[in-house]
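In what follows, a single structure is set out as C-alpha cells and then discussed.
The values are calculated or read from the model by the stated rules, or taken from the named source; none is laboratory data. Bear in mind the structure is a predicted one, so any value in this text is a computation, not a measurement. Here the Cβ positions follow ideal geometry from the backbone for every residue, glycine too, while neighbour counts run over all protein chains shown. Side chains included, ligands, DNA and RNA excluded: accessible areas come from the protein's heavy atoms. Shrake-Rupley method; radii C 1.70, N 1.55, O 1.52, S 1.80 Å.
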Amino acid sequence: MRLFPRSAFARTVALIATLLLINQIISYVMVGLYVVQPSMQQVTSVIARQIEGALILDEWIRESDTFPRDKRDLALRYTEATGIQGFSQEDALENGLRQTTSYSFLSNRMRDLLGAETEVRVSQGEQFYVWVETERLPGYWLRVEVDSFNESRFSPLLFYLILIGILSVLGGMLFTNWQNRPLKSLERAARQIGRGDYPEQLPERGSTEVIAVTRAFNQMSKGVQQLEQDRALLMAGVSHDLRTPLTRIRLATEMMPPNEDYLAEGIISDIDDMNAIIDQFIDYVRVDTSADQDCENLNFLVEDVVGHLPETWHAEVTVNYQSMPDVPVRAISIKRVLLNLLENAERYGKDKIIIDTGYDEETAKVWVVVCDNGPGIPADQIEHLLQPFTQGDKARATKGSGLGLAIVKRIVERHHGHVVFSRSERLGGLCVRVELPVTPSDSKPI
C-alpha cells in the first residue's frame, strides 16, 4: 500500500494540505501562548488579589476587637462584593468540589502570587468556579465565581482556523485541477496516437511550461501523422506498381505451351504468394475509421470465416459458440484477425483447431480463443513475433511476410482490445485469446 500519492495533482493537494496543517498548528499554538496564556495569567492575578484581600480581611477580623456581629456583616459584604465564598472540606465536597479539575499551571501561578503552597481546581458547568486551597488558610476551600471567562469563547477561533483550512484546500484543489487539465488532455492524446489515432491539435493553455510542452506535442503529432500518411501512400504505390508486372507475368505464364505446365504452375503459385504478401502489406498500413465500424456479433463473424475456409486445409476445425452481445467493430478487420489466426494454426499446427467464443460480464468483453496442436511458441519469443516482418525459428523456412501476428495485434489494439498468448491445455499447442470491449472506449473511436 502506497501512502505517498504518485500523481502530480494528488501530490500538490497533499503538499498544500500539509502546509496548511502545519500553519494551523502553529497558529493555534501561537494563540495559546500569546493570547490564551496571558489571559489566564491575568485572571489568575485578579483572583489571587481577591484571595489575598480575603486572607488579610480574615486575619484582621481574628485580631480586631470589633463586635462579632460587625465582623460577620463585614465578611458577608466582602464575599458578596468579590464573589468569594469559604467552605470547609466537607462543605466543599457537597458544593461541587468532586466535579472539579486540577490545573498544575494555575496552581503554580497562584502559589507564586500567594507565597504559599496552593492547589487550584476549576469546575465548569452552568456557572464557572475557581476553587483555591492554600496553606495560609488550612482546612478551607475558597470558591471564586468567574462570570466573564468561558471556554466556549474560544470556539470561534477554532471554527475560523478549520474554515480557513477547508477553503484553502478546496482552492488548492481547484487551482491544481486547472493546472493539470492540459496534462490530462496530453495523456489522452498520447494514448490515441499510440493506438494509431490522430486527434485534433490540442489547445495551448495553462502555464508557460505546459504551453511549451503542448506546442511540441502538437508538432510531434502532426509530424507522426504526416509520416504515417507518407508510409501508407508509399506502400500503396509500391503494391500497385508490383501488381502490374505480376499480372503480365501471370498472363504470359498462362500462355506457355502445354509441355511446360509444371513450370507454369510453379510460377503462378509464386505469383499468388506475392499477391497474398502485398495484400498483407495493405492490411497492415490500412487506417480504420469510425465510419467503418458497426455493431456486429462475433459468433457470426467466426461462422462466416470458418464457412469460407479453403477445402485444401488438412486441419479439422471445431467451433464452440456461446451467446454474446453485439460489439462495435469493423467487420472486415476482425475477419482478417480470425483468418490470420486460423492460417497460423493451419500452417504450424498438426491436424486439429478448436475455436471457443464467450462473454465476460464482469469486464464487459467478448472473446474468441483459437487453439492448435502444434509445437506452440516459447514465451520469450512472443513479444518478438508480434513485431512486423519477424518469424519464429520453425517458420523461417516457410513462405510468408512475417506480418500475420503483427496485423492481429494492430487491429485488435485499434479496437481497444487485447491479445493474450498461452499454451493450450486441451491440444498442447498455441492458444491465442482475443478480447474486445462491448462498449466503445471514451477516447476517439476506431
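Observations
- Among (1) closer than 30 Å to GLU187 by Cβ; (2) open to solvent by less than 40 Å² (accessible area, probe 1.4 Å); (3) polar (S, T, N, Q), the one test that THR253 misses: (1)
- The residues in the range 361-405 that are β-branched (Val, Ile, Thr), assigned to a loop (DSSP other than H, G, I, E, B) and at pLDDT 75 or above can be counted, and the count is 2.
- Filtering GLN127, GLN50 for residues that are modelled with pLDDT under 80, in a loop (DSSP other than H, G, I, E, B), at negative phi and out of contact with any Cys (no Cβ under 8 Å at 6 or more places or on another chain) leaves a single hit, GLN127.
- Flag not set for TYR359, criterion: under 18 Å from GLY404 (Cα atoms), open to solvent by 50 Å² or more (accessible area, probe 1.4 Å) and touching a strand residue (DSSP E or B) at 6+ places or on another chain (Cβ under 9 Å).
- Residues (in contact with a strand residue (DSSP E or B) (Cβ under 6 Å, 6 or more places away or on another chain), β-branched (Val, Ile, Thr) and not in a strand (DSSP E or B)) located in the range 411-435: VAL412
- Selection within the range 199-241 - surrounded by 11 or more Cβ atoms within 10 Å (Cβ to Cβ), in a helix (DSSP H, G or I), of a type in the set (A, V, I, L, M) and modelled with pLDDT of 75 or more: VAL210, ILE211, ALA212, VAL213, MET220, VAL224
- Filter result for ASN320 (within 20 Å of LEU436 (Cα to Cα), surrounded by fewer than 14 Cβ atoms within 10 Å (Cβ to Cβ) and either touching a Leu at 6+ places or on another chain (Cβ under 9 Å) or not small (Gly, Ala, Ser) (or both)): yes
- Selected residue [at pLDDT below 75, in a helix (DSSP H, G or I) and open to solvent by 40 Å² or more (accessible area, probe 1.4 Å)] from LEU167, LEU157, LEU183: LEU157
- Within the range 325-356, tally of residues that are surrounded by fewer than 19 Cβ atoms within 10 Å (Cβ to Cβ) and within 18 Å of CYS295 (Cα to Cα): 5
- Test set (1) at pLDDT below 70; (2) loosely packed, with under 14 Cβ neighbours inside 10 Å - LEU15 fails condition number: (1)
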